[in-house]
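Take a look at the structure below.
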Amino acid sequence: MAKLPLEGVRVVDMTVIWAGPFATHMLGMLGAEVIHVANPHHMPDFAALFTRWPEQSQLEGLGGRAPYPGRKLGERPWNRNGMWNRVSWNRLTCSIDVNKPEGKEVFKRLIKEADVFIENNGANAIEHLGLGHDVLMEANPRLICMNMPAWGRSGPYMNYVGWGAMHEAIGGHDWLRGYPDEDHPTTNNFRFHMDSAGGAMAAIGAIMGLIHRKKTGRGQWIDFGQMESFFPHIGEIFMDAAWNGRNQRTIGNRHPTAVQGCYLCRGPEPTLETSVAGGERWINITINNDEEWKGFCDVLGNPEWTKDEKFSNVVSRYKNHDELDEHIREWTRLHDNFEIFYMLQEKGVPAGPVWDWRDAYMDPQLNARGFFETLHQADCGTYRYPGFPWKFSETPLRVTHSPCMINEDNDYVYKEVIGLSDEEIADLEGKSVLGDLYYDWAGPMPERLWEEK
Amino acid sequence: MAEQVLSDVKVLDLTWYIAGPYCTKMFADYGADVLKIEKPPEGDPARRIGPFLNDDPHPEKSLLFSHLNLNKRGITLNLKSETGKKIFKELVGDADILVENFSPGVMGRLGLDYETLKKINPRLIMTGISNFGQYGPYRDFKVSELVLSGMMDQYSHGNEGREPLKMAGNCEQYQAGHMATVATIAAYWLQLNEGIGQYIDVSMQETMTADIDHRTLNLLDWAYSGEVAIFRQDPRAGTSALLDITPTGVYPTKDGFIRAAGGIIFWPRFAAAFPDIGAKYTWPDDVLNMDNKGVVDAFWYPWCLDRTKQEIMEYMQKFKYFTTAINTPIDVIESPQLKERGFWVEVEHPVSGKQIYPGNPLKSEDPWWQVRMPAPLLGQHNEEFLCDKLGYSKDDLVKLREAGVI
């Protein structure tokens, strides 16, 4: 089998949620051996995300439910959480209690065998554990050590707390993404672009660390504030503020020059229920120029209104955008969104359906390219997962590890990677430093979910 | 100038618009020698996309182009002409990486597909970024940022009963470029170690579907249970799963808005910030009793309206209660955090002058990220490349220009 791009690279992963696991999962997809280190006394945060009390609320509550097969937690819920499983294939896990001195020593031995270390805990968390970059790089001067909290390891916001929505509010994204006709910023329910940008940037940084080390023999500490990889993604809007003093605000689904919109198609009227259950049909249509306008009008059969002077050129169409939207909506409401999608694309007009989740899994293009991966995991069963985002011609990427179950790779990591003897392992297991020690889910909720962190 | 991490890397850049140029910008910012090849006479269409400096639609004043092409050198070359192809192939012989984001099939029609180019340079990494990938039933379909947004998580972004919303600006296209960089630099690592070249097919649709954010949750939740976890919902309604009285959502302030996120486990933090309110309720029972929400809101709304968003954020963050200012772009430019980190940088450009640009996201110990030069003027480095590198004479340049090759 062809060597994978990052084969032979070992990554120690103490990431918690979203951007961190995304970064290490990508390195795993590219062939690195990624070892996630969990604490044997509590669930990894990503597997516990949305864990709420009482237990019932996480299965039935609105707005933040956790994905479990059949909505059943099972005996080991941490292995059945979709959040965790989504990013835990091509990764390994082991448990070490780094709160205990013996655990720190074992962890440092693991770091000595690693090329890359990545974590995205709170800005000071890893230092408070006594495992800051100085300690780890002393243990392994060739280490590429990436700390990636939201705002980096310096500055007045360094310790600011919040979820993605909070940080993106500070970063301007909330202000720039709502409905223009609402009197307040409304919409960042759960879509945090900083996690997308941060994951990609961290993966790039880790690989650049390897390149740098190959040239110089030295490791590198990287202080990565995730938000700083988000700003360039809407860089021109911030530059408009700095260069022209213009404070842009949201234009919703509109474009600065083209006419475009998201139009309701044949199907149910949108309600809270359909926003939850899927089934609404929407189409996005963009008309950049006269050629696309002509293609659009042809598909509609050139009705009388399309010949109105108001819609005769790029400028007049933009000027009469609201009225144009009304006409388009009247037409789209009579058709299914996939039908419109194919009809318009045939005439060279950029258009596409708004997928609900069923549409995503059924998409003809993704399936023709074999995008989804069917993966099995003993505690949760067999499902289709989003797969590799790239296709390499000479070193095709492949699944090297099913979604890992917590502690699944303890033996391999303890013995073959760290080199612990059977006696050492027995001793450390006796001290609850290593091993599979998760609490009994059927019992009372663990203290830590309640305590003030 | 100090050595940068990618100083030895040579990138040929046949990209335009956003996704491709952002991919190669990553290489350029970290030191690679990126040669941007633009089509004569008008160049990258991004030069004609606003916003512009002082709203003057000059091809050297596009903010988008200036941002995306920082640290690159640029030549013009007509790849449809035989001479243009010949010059391009000479450049390929010496390159480590080639990135393009034309429509699928364009490179083939030019006779510059990977099969041809790898005969010239077997070590070449060629990354092709396209809307839907190089093959498949949607191969030739057109997209816009909005159309791309629909084929990911737009369904669950916005308010219930209203149309789904895209994110700000051109986020998805930037992200596709960013993801292309991940694959390309991983391939470069393999090339560096094993001498292997290859072709990487990057579909923007796939980079979006493989992304993790709440798609992670919704795609898997759908597969696991036939339901979705996150959906369009007005944040003023709070997150009903929390079922408690802690302030959650968007709140007006003296000068704008703040966002707050509570939840039962955060009540002690809220109570610490407001001991009088905190003393009224026993935790957790009173906090879970929604009958008490009116009292908390009656205090919280006017308290916020009396203060600026920055004051509220600074105060609430002292108690670690999830509260942040909803900032405007100008607020972000002036952010004390980004000032202290030195994130925004000044770059001198011959036409647009000294201006502010987004800076380095990765603070490495060694100076990996540097500003070496502003975005290239159209054809700025023609002479340098064609004469100094490839040995054409100045006379030849005139002929090439007249023939429309450069």
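Scan the helices (runs of 4 or more DSSP H) fully inside segment B:1-109 and keep the ones with 3 or more residues being among the small types (Gly, Ala, Ser) and within 24 Å of residue B:188 (Cβ to Cβ).
Values: elements: B:19-29, B:63-68, B:82-92, B:106-109.
In segment B:1-109, B:19-29 are the helices (runs of 4 or more DSSP H) which contain 3 or more residues that are among the small types (Gly, Ala, Ser) and within 24 Å of residue B:188 (Cβ to Cβ).
Run down B:117, B:146 and say which single residue is crowded, with 24+ Cβ neighbours inside 10 Å, at pLDDT 95 or above and part of a helix (DSSP H, G or I). Steps first, answer last, please.
Numbers: B:117 fails: crowded, with 24+ Cβ neighbours inside 10 Å.
Answer to the selection: B:146.
Listed here are the residues, each with its yes/no results for (1) facing chain B (nearest Cβ under 10 Å); (2) more than 30 Å from residue A:262 (Cα to Cα); (3) open to solvent by 10 Å² or more (accessible area, probe 1.4 Å).
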{"residue": "A:345", "(1), (2), (3)": "yes, no, yes"}
{"residue": "A:365", "(1), (2), (3)": "yes, no, no"}
{"residue": "A:378", "(1), (2), (3)": "no, yes, yes"}
{"residue": "A:400", "(1), (2), (3)": "no, yes, yes"}
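Can you pull out every residue in segment A:169-198 that is outside any loop (DSSP other than H, G, I, E, B), more than 7 Å from chain B (Cβ to nearest Cβ) and small (Gly, Ala, Ser)? Quick ask: steps written out before the conclusion?
So in segment A:169-198, the residues outside any loop (DSSP other than H, G, I, E, B) come out as A:169-170, A:173-176, A:193-198.
In the following step, the residues that additionally are more than 7 Å from chain B (Cβ to nearest Cβ) were identified as A:194, A:198.
Answer for segment A:169-198, where residues must be outside any loop (DSSP other than H, G, I, E, B), more than 7 Å from chain B (Cβ to nearest Cβ) and small (Gly, Ala, Ser): just A:198.
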Could you check segment B:289-346 and list, in sequence order, the residues that are aromatic (Phe, Trp, Tyr) and more than 14 Å from chain A (Cβ to nearest Cβ)? B:299, B:300, B:303
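Taking into account only those residues within segment B:254-283 that are away from chain A (no Cβ under 11 Å) and surrounded by 20 or more Cβ atoms within 10 Å (Cβ to Cβ), which is modelled with the highest pLDDT?
As a first pass, look at segment B:254-283 and keep what is away from chain A (no Cβ under 11 Å): B:254-255, B:262, B:270, B:273-282.
Still in the running and surrounded by 20 or more Cβ atoms within 10 Å (Cβ to Cβ): B:262, B:270.
Numbers: B:262: 81, B:270: 96.
For segment B:254-283, the residue satisfying everything is B:270.
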Is it the case, given these coordinates, that residue A:211 is closer than 17 Å to residue A:11 by Cα, in a helix (DSSP H, G or I), within 18 Å of the chain's Cα centre (by Cα) and without any contact (Cβ under 8 Å) to a residue 24 or more places away in the chain? no
Considering (1) within 27 Å of residue B:24 (Cα to Cα); (2) surrounded by fewer than 24 Cβ atoms within 10 Å (Cβ to Cβ); (3) among the β-branched types (Val, Ile, Thr), say which one residue A:204 fails and leave the rest. (2)
Just checking, does segment A:406-419 include any residue being surrounded by 21 or more Cβ atoms within 10 Å (Cβ to Cβ), in contact with a helix residue (DSSP H, G or I) (Cβ under 8 Å, 6 or more places away or on another chain) and assigned to a loop (DSSP other than H, G, I, E, B)? yes
Which count do you get for residues in segment A:235-249 that are in a loop (DSSP other than H, G, I, E, B) and farther than 22 Å from residue A:315 by Cβ? 3
Somewhere in segment A:174-186, is a residue open to solvent by less than 10 Å² (accessible area, probe 1.4 Å), within 16 Å of the chain's Cα centre (by Cα) and among the polar types (S, T, N, Q)? no
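Applying the selection to segment B:372-400, what residues are in contact with a strand residue (DSSP E or B) (Cβ under 8 Å, 6 or more places away or on another chain) and open to solvent by less than 50 Å² (accessible area, probe 1.4 Å)? Lay out the reasoning, then the answer.
Let us first name the residues in segment B:372-400 that are in contact with a strand residue (DSSP E or B) (Cβ under 8 Å, 6 or more places away or on another chain), namely B:373-382, B:384-386.
Within segment B:372-400, B:373, B:374, B:375, B:376, B:377, B:379, B:381, B:382, B:385, B:386 qualify.
Here is a list: A:288, A:253, A:284. Which entry is facing chain B (nearest Cβ under 7 Å) and open to solvent by 10 Å² or more (accessible area, probe 1.4 Å)?
Working: A:288 fails: facing chain B (nearest Cβ under 7 Å); A:284 fails: open to solvent by 10 Å² or more (accessible area, probe 1.4 Å).
Only one candidate passes the filter, namely A:253.
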Residue satisfying condition, being farther than 18 Å from residue A:21 by Cα and of a type in the set (Phe, Trp, Tyr), within set A:192, A:231, A:224: A:231
Of everything in segment A:150-166 that's surrounded by 24 or more Cβ atoms within 10 Å (Cβ to Cβ) and more than 7 Å from chain B (Cβ to nearest Cβ), which residue is nearest to the chain's Cα centre (by Cα)? A:164
Restricting segment A:347-363 to residues that are in contact (Cβ under 8 Å) with a residue 24 or more places away in the chain and open to solvent by 50 Å² or more (accessible area, probe 1.4 Å), which is nearest to the other protein chains (Cβ to nearest Cβ)? A:358
How many residues are hydrophobic (A, V, I, L, M, F, W, C) and under 19 Å from residue A:294 (Cα atoms) when one looks only at segment A:312-359? 11
Could you tell me whether any residue of segment B:160-177 is touching a residue at least 60 places away in the same chain (Cβ under 8 Å), open to solvent by less than 10 Å² (accessible area, probe 1.4 Å) and more than 7 Å from chain A (Cβ to nearest Cβ)? yes
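The values are calculated or read from the model by the stated rules, or taken from the named source; none is laboratory data. Note that the structure is predicted; figures quoted are calculated from it, not measured. We place every Cβ from the backbone using ideal geometry, glycine too, and count neighbours over all the protein chains shown. Remember, those area values only see protein heavy atoms, side chains included, never the ligands or the DNA or RNA. Shrake-Rupley method; radii C 1.70, N 1.55, O 1.52, S 1.80 Å.
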